[in-house]
Each structure stands twice: as C-alpha cells, then as structure tokens.
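Contents: one structure, followed by commentary.
The values are calculated or read from the model by the stated rules, or taken from the named source; none is laboratory data. Computed from a predicted structure; not experimentally measured. Positions of Cβ are backbone-derived with ideal geometry, glycine not excepted, and every protein chain shown enters the neighbour counts. We work out accessible area using only protein heavy atoms, side chains counted, and drop any ligands, DNA or RNA first. Shrake-Rupley method; radii C 1.70, N 1.55, O 1.52, S 1.80 Å.
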Amino acid sequence: MNTADEGRQQQLDAASVVNAKSTLLQLLARAGVYTGDAEELIGLVEAGALAGAHAEIACSRRSAPGERGESYAAGWSDGALAVTGELAALAERALVHAVTSGPSATSPDERSPVGRAEMERAKVAITPLYLSFADVSDLDPEVTEQVLGAVLRTMSPRQRAGYPGRLSAFAEAHHAHLERVYAEYGPGSPIAIHGRYSLVHSPTSVAVLERLAASPSALHEEWDAAELPPAWLDGLTTAWGARG
C-alpha cells in the first residue's frame, strides 16, 4: 500500500459519518437541544464546510502550475472550474436543506416561524458586537426574544442563516455612527435606561438598527404584529437618524 492509498483509507466512509452525526445528536439532546435545532446547526456547519472548500479550490484555480505548460494549466483551470461549480451547487443545496423543512423547502425564500436555533444564533451574534460599543446592561430575557423574534421574521430562513455575517458587515460599515449612538444614548450616557431609548441599553439594539437600515418597512410591520412598544422603535429611529 502506497502513501496515496493510506491517505484514502483515512477518509471517513458514509457509515462512519452517519454514526458521528447520530452520536452528536444524542449528546446535544442530553444537553437539552431539540433534535430539529441540532440537525439545523449540523446542516449549517456542513454547508459552511462545502462553501469553504469551494473558496479554497477557487483560489487554487488561479494558481495553476505554469511550469507544466499552457495545456496543463488550461486543463487544471477547467478541472478546478468544474469542481468549484459542483461544490457551489452542493453548498447551496445543503444550506437550503438545513434552514427549510416541509412545504417551505420548495419555496425557501418564504417567511417561516423563527426556530429556537435561529434565536440562539442571533443572541450569540449580537452580544459581542454590542459589547464593542457599550457596556453590559440587563434587559428582560422575554423582551429580548420578543424583539429578536420581530427582527428575524423580516427575513427568510436562508437570510437568517447568514444573519451573523450581515450583522458584522453592518457594524463594520457603520462603526463610527454606532459609536456615536451608544455614546449619546446608551449605557454611561445621561439618557436613562427606561423610556423611549430603553433598547439602546440592550444588545438587541444592534439587530434592530441593522433592520432599520436594511428593511425598515418590514421591521415596522413585524414590530406592530408583535405588539412591542412603539416608543422603543421610535427611540432607536431617532437615535440612528440624529447626526452629531
């Protein structure tokens, strides 16, 4: 057996992959994670792995070994192009499968109820971004979920899957503006935590501000449907629109 054969022998077979997934699902279930949420998270990791492989091979396509001649380089490029195309399709199908189920699988861009895993991912995403602009401030956990629920319902399941990245891009693009908002209205400012600017003292404000910038009409619609205090959204709108 040569080295190449040994390398191939080390790859996981289908049965081992299924076994690993089943084991992980059982461990997550013992930790209190519902099976549906766990399967969604595993699916997102799989889709991300495929997307990462796509990006890596796309880079190697641009670095074909020129010393082998033009014909070799052309074959290298064509082969890499075929592989990246298939990987892109696989990653897309894996993402759709991870974030949709039942009837919505045929219409992945339709809105659907917010799942527990989507809610928890949003919480994980907003906290470090908020702490980069403001100090920790408490808010009722029930209120946090109500606000995030309204925010997430403005997006399709596929958009929710990419929401952490969208939030990071938003915070980077509007860093100076966000710094001013939190300095003037957030923790440590003369503005009290109670009242129309309450949400500026909460990590959920990052998510609400992103939606105000990206999809204000949908946000207002979901805000009203959730019967959240209009003053909270008005306060964030005022803070975001003010120019120091």
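Kirkwood analysis of region 139-244, using all unique Cα-Cα pairs, places the hydrodynamic radius at 13.9 Å.
What's the local net charge at ALA171, with K and R +1, D and E -1, over the other residues with C-beta under 13 Å away? The answer is -2. Dipole of region 134-244 computed with +1 at Lys/Arg Cβ and -1 at Asp/Glu Cβ about the Cα centre; of HIS175, LEU236, PRO190, farthest Cα towards the positive end is HIS175. Hey, with R₀ at 45 Å, roughly what FRET efficiency would ALA29 and GLU86 work out to, going by the Cβ-Cβ distance, to 0.05? Taking R0 as 45 Å, the efficiency between ALA29 and GLU86 is 0.85.
Of the trypsin sites (Lys or Arg not before Pro) found in region 148-244, the ones in coil according to DSSP and having at most 12 other Cβ atoms within 10 Å of their Cβ are ARG243. Taking only alpha carbon atoms, region 159-200 gives an Rg to Rh ratio of 1.11, where Rh is the Kirkwood radius. Summing charges over all other residues whose Cβ lies under 12 Å from the Cβ of ALA125, with Lys and Arg as +1 and Asp and Glu as -1, gives +1.
Please give the per residue accessible area of region 175-234, computed with a probe of 1.4 Å over protein heavy atoms only, in Å².
Values: 2580 Å² over 60 residues.
Result: 43 Å² of accessible area for each residue.
On a full-extension model of 0.36 nm per residue, what is the gain between GLU145 and ALA225, subtracting their alpha-carbon distance, rounded to one decimal in nm? Write down the numbers at each step before the final one.
Values: separation 80, 0.36 × 80 = 28.80 nm, distance 1.43 nm.
My answer for the length gained is 27.4 nm.
Ignoring ligands, DNA and RNA, what percent of the accessible area of region 172-219 is carbon or sulfur (1.4 Å)? The C+S portion of the solvent-accessible surface of region 172-219 is 56 percent.
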